[in-house]
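Single-structure report; data block below.
Any read-out appearing in this document is the output of simple, stated calculations on the displayed coordinates, not a laboratory observation. All of these numbers come straight from a predicted model, not from anything done at the bench. Reconstructed Cβ throughout: ideal geometry from the backbone, glycine too, with neighbour counts over all protein chains shown.
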Amino acid sequence: MLSKKQAKTFFLGGTALFFLIFLALSIHSLKVGIPENTHPEKMTEQVELGRYLWDKNNCMGCHTIMGEGAYYAPELTRVYSRKGPDYIKAVLTAPDGWQPRGRKMVKYNFSDEEVEGLIAFFQWMNEAYLNGFPPKPQLYRPE
Amino acid sequence: MKFRSQKIAYNFFALSMLLILLQITYGFIMAFAHMGYDGLHEWIPFNTATATHKNLLVVWILSGFMGAAYYIIPDEADRELVSPFWAKIQFWTFAIVGVIAVAGFHMGWFEGRKFLEIPRPLDYLVALNVVLFLVLILFTLLKGKKQTTTAWVLSMGLVFAALLYLPGMIYFENLAVDSFFRWWVVHLWVEGVWELIMGGILSYLLIRLTGVDREVIEKWLYVIVGLTFLSGILGTGHHYYYTGGPDYWLMIGGIFSSLEPLAFLGMTAFAVQMYRKGNKKHPNKLALFWTLNTAILSFLGAGLLGLAHTLPQVNLYTHGTLVTAMHGHLAFWGAYGSLVFAIISYAMPQMTGRKIYDNQIGNLAFWITNIGMLGMTTAFAAAGVSQVTLERIAGYEYMEAAKVMQPHFFVLIIAATVFTTGICLYIWNFIKFGKPVDEAIRTEDDSAFQAVTA
Ligand code: HEM
Ligand code: HEM
Ligand SMILES: [Fe+2]
């Protein structure tokens with residue numbers, strides 16, 4: 001039967017081993033994988049401003065991006081190609097706050113520069129490769 | 001209770017009870033908003049409500065863990081806490097930082113990263129507070145007469161939980177990198193080091209409640225936490241599938257996260273087996289119920305419902321939908337909520353000297369909360385599955401799908417009302433125990449019955 005000492009060795013040894021593997025893969029992901037998929041060289045100052053506003057206003061508190069966030073509002077990873085910059089601008093600058101089908105978005109008083117920043121951020125996000133996410137809807141849907 | 005300083009645990013437990021009530025209130029605000037009734041939007045928009053709901057959750061659970069540590073460590077180490085005075089300071093500063101954070105959310109002051117919404121300046125205060133907490137716990141343990149495995153596992157869980165908070169405090173310009181490190185906090189907490197805390201508390205409770213020999217329980221404790229890290233560390237990969245990470249995470253995350261339920265199954269087998277071996281003489285049946293409940297529901301909510309969407313082929317469709325919320329609720333409740341309720345149920349009679357063990361309100365609270373939460377899980381599941389079908393498969397626009405999902409939120413609110421009734425009963429019972437008193441201090445071990453050797 002397993003002794004307490006052996007159990008302890010299993011715990012410490014296993015943890016150390018898998019932690020090291022995880023660390024190595026993480027370093028690789030951060031240095032090679034993520035940059036390849038997300039093009040940090042395309043992160044202009046505008047993109048960074050958009051990214052900053054995304055956090056500051058807790059947009060993730062209603063929306064998801066890369067599938068992360070809350071489920072009260074649409075996924076925005078591909079919003080740039082789905083809706084286009086003009087539509088996004090209309091959403092962000094709606095005078096009484098955007099209200100799609102009765103659901104209210106918070107009303108923001110973004111400056112033009114800030115709106116451009118958010119649009120640039122979505123454009124950057126749009127170009128990121130996410131292993132096939134979001135999936136393409138497969139069913140035929142008559143209009 | 002053996003030592004006067006263990007009484008500080010009461011403050012943390014009481015804070016926990018207060019915060020869970022607040023957390024639930026914000027849950028209702030969100031559920032109503034999903035249903036189309038967002039009358040509070042001007043004052044508490046959804047993103048404020050969600051930040052509050054998630055952070056209060058984390059804070060009441062951490063408060064429960066801290067209370068548990070202040071209760072368990074002196075008992076296991078067999079000495080008073082090194083400084084009850086500083087423990088009080090730690091409690092009050094913890095509570096104050098929490099209040100500032102929640103008030104800040106209502107003024108639009110947040111960091112905007114799910115579960116880590118607390119703004120960075122406050123993060124430093126949290127970190128400082130936790131350092132004080134850890135110093136008190138570790139010194140008590142090291143200066144104690146005994147350093148048991150149970151106490152070590154619990155303390156190491158707390159230490160690593162604190163360390164893992166740090167990567168979440170750094171700002172990364174690339175959102176994908178930011179998300180990568182956010183999971184070092186969120187995933188490596190709930191599917192890593194918090195399981196050490198859980199294992200430690202469960203093992204303490206089982207030793208006290210079943211009377212099974214400590215050596216046997218602690219041996220299995222090692223095996224379980226071993227399984228946790230064996231699967232959970234590389235299992236982090238299940239959050240790197242679709243967030244900008246390289247594709248090898250599909251394979252690695254898929255395989256290792258699928259093994260994670262084993263650790264939870266281990267907890268279930270561990271608790272049930274020890275219960276069956278035990279002498280069943282301890283009068284505190286409610287504490288035993290909650291202990292077994294934790295072991296079983298954590299396997300259901302975290303293990304099975306986690307497994308349900310952890311394979312990359314499935315997760316591609318369910319990622320970022322209400323299916324995740326289904327799992328999130330039962331996992332957090334089953335593993336950590338229930339655990340906090342278990343240690344409170346165990347400690348209250350000991351601290352207050354009022355041996356109301358097997359009372360009706362307590363029993364009712366036990367069944368009603370759990371039934372309510374299972375109902376909520378089902379409602380989220382129904383909403384989640386329709387969301388996946390409509391949005392991800394049939395190509396509906398988000399708001400088109402959201403309209404179809406509204407009835408599920410009505411069911412959610414009904415189930416949540418049941419759950420909340422249970423919580424209120426539990427809190428009523430908690431209040432009825434009154435405050436801890438010095439007369440409750442007893443010199444002999446409180447599991448004063450024969451140890452069973454396996
Ligand atoms: C009356 C009770 C409750 C109600 C009505 C409720 C409702 C909700 C709603 C509507 C959401 C937001 C989903 C979204 O993003 O759109 C949510 C999120 C969440 N709640 Fe609750 N909740 C309740 C209690 C709890 C409890 C007791 C826990 C934990 C033990 C909990 C843990 C969570 C978690 C972890 C999330 C985030 C889930 C995710 O984004 O995947 N909730 N809740
Ligand atoms: C007690 C343990 C656990 C808790 C408290 C928990 C809680 C959560 C929460 C709150 C989320 C949403 C996180 C976010 O979006 O920020 C989540 C996501 C997830 N969990 Fe767990 N979980 C636990 C264990 C597990 C286990 C054991 C598995 C797998 C077998 C698992 C699989 C997943 C997956 C695949 C996701 C991602 C969902 C998505 O793509 O949207 N979880 N979990
Ligand atoms: Fe995870």
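What the phi angles of the stretch A:42-50 give under the Karplus curve with 6.51, -1.76 and 1.60, with θ = phi - 60°, is a coupling list of 8, 7, 6, 4, 4, 4, 5, 5, x Hz, glycine and proline written as x. Would you please give the residues with an amide H less than 5 Å from that of A:GLU75, counting only those at least 5 places away or on a separate chain, with H modeled from the backbone geometry? When sequence neighbours closer than 5 places are left aside, the close amide H contacts are A:THR64.
Cα axis of helix A:4-28 to longest principal axis of chain A: angle in degrees, 0 to 90, nearest 10? Rounded to the nearest ten degrees, it is 40. On a 0 to 90 degree scale, rounded to 10, what angle separates helix B:338-352 from the longest Cα axis of chain B? It works out to around 30 degrees. Rounded to the nearest 10 degrees, the inclination of helix B:248-277 to the longest alpha-carbon principal axis of chain B is 30 degrees.
Largest mean-square fluctuation among A:LEU12, A:LEU118, A:LEU49, in a Gaussian network model of chain A whose springs join Cα atoms under 10 Å apart, belongs to A:LEU12.
Pairs of lysines in the stretch A:42-143 whose Cα atoms sit within less than 27 Å of one another amount to 14, provided the residues are eight or more positions apart or on different chains. Extension gain, B:GLN313-B:VAL437: 0.36 nm per intervening residue step, less the Cα-Cα distance, totals 39.0 nm. Work out the FRET efficiency for B:LEU125 and A:GLN6 from their Cβ-Cβ distance, taking R0 = 56 Å, and round it to the nearest 0.05. Computed FRET efficiency for B:LEU125 and A:GLN6 comes out at 0.85. Model label sites at B:LEU304 and B:PHE115, defined 7 Å from Cα along the beta-carbon direction, differ in position by 2.3 nm. Between the listed residues B:TYR240, B:VAL186, B:TRP220, the Cα displaced farthest toward the positive end of the dipole of the stretch B:185-321, a dipole computed from Cβ unit charges relative to the Cα centre, is found at B:TRP220. Full extension of the segment from A:LEU23 to A:THR44, taken as 0.36 nm per residue of separation minus the current Cα-Cα distance, would add 4.6 nm. The aspartates and glutamates within cross-link reach of A:LYS5, meaning a Cα-to-Cα straight distance under 14 Å and a gap of 8 or more places when in the same chain, are B:GLU215, B:GLU218. Each Lys and Arg contributes +1 and each Asp and Glu -1, all at the Cβ; summed about the Cα centre of the protein assembly as shown, the dipole is approximately 1960 debye. As I understand it, the dipole of the protein assembly as shown uses +1 on the Cβ of Lys and Arg and -1 on the Cβ of Asp and Glu, about the Cα centre. Which of B:ILE89, B:LEU205, A:ILE27 lies farthest toward its positive end? Towards the positive end, the residue furthest out is B:LEU205.
Between B:GLN147 and B:THR25, the FRET efficiency from the beta-carbon distance, with R0 = 35 Å, is close to 0.25. Using 0.36 nm per residue and subtracting the Cα-Cα separation, the extra length available between A:ALA94 and A:SER111 on full extension is 4.9 nm. If one computes the Cα centroid of the stretch B:84-160 and of the stretch B:278-299, what distance in Å separates the two points? Value for the Cα centre distance between the two parts: 28 Å. Centre-to-centre, using Cα atoms only, the stretch A:1-57 and the stretch B:411-425 are separated by 38 Å. Residue by residue, the stretch B:170-180 carries 3J(HN,Hα) couplings of 7, 9, 10, 5, 6, 4, 5, 5, 4, 5, 3 Hz when phi is fed to the Karplus relation 6.51 cos²θ - 1.76 cosθ + 1.60 (θ = phi - 60°); x denotes Gly or Pro.
What the Cα atoms of the stretch B:4-436 give is an Rg and a Dmax of 21.0, 64 Å.
Cα centroid separation, the stretch B:340-388 to the stretch B:183-224: 20 Å. If you plug the beta carbon distance of B:ILE100 and A:LYS56 into 1/(1 + (r/R0)^6) with R0 = 25 Å, you get a FRET efficiency near 0.90.
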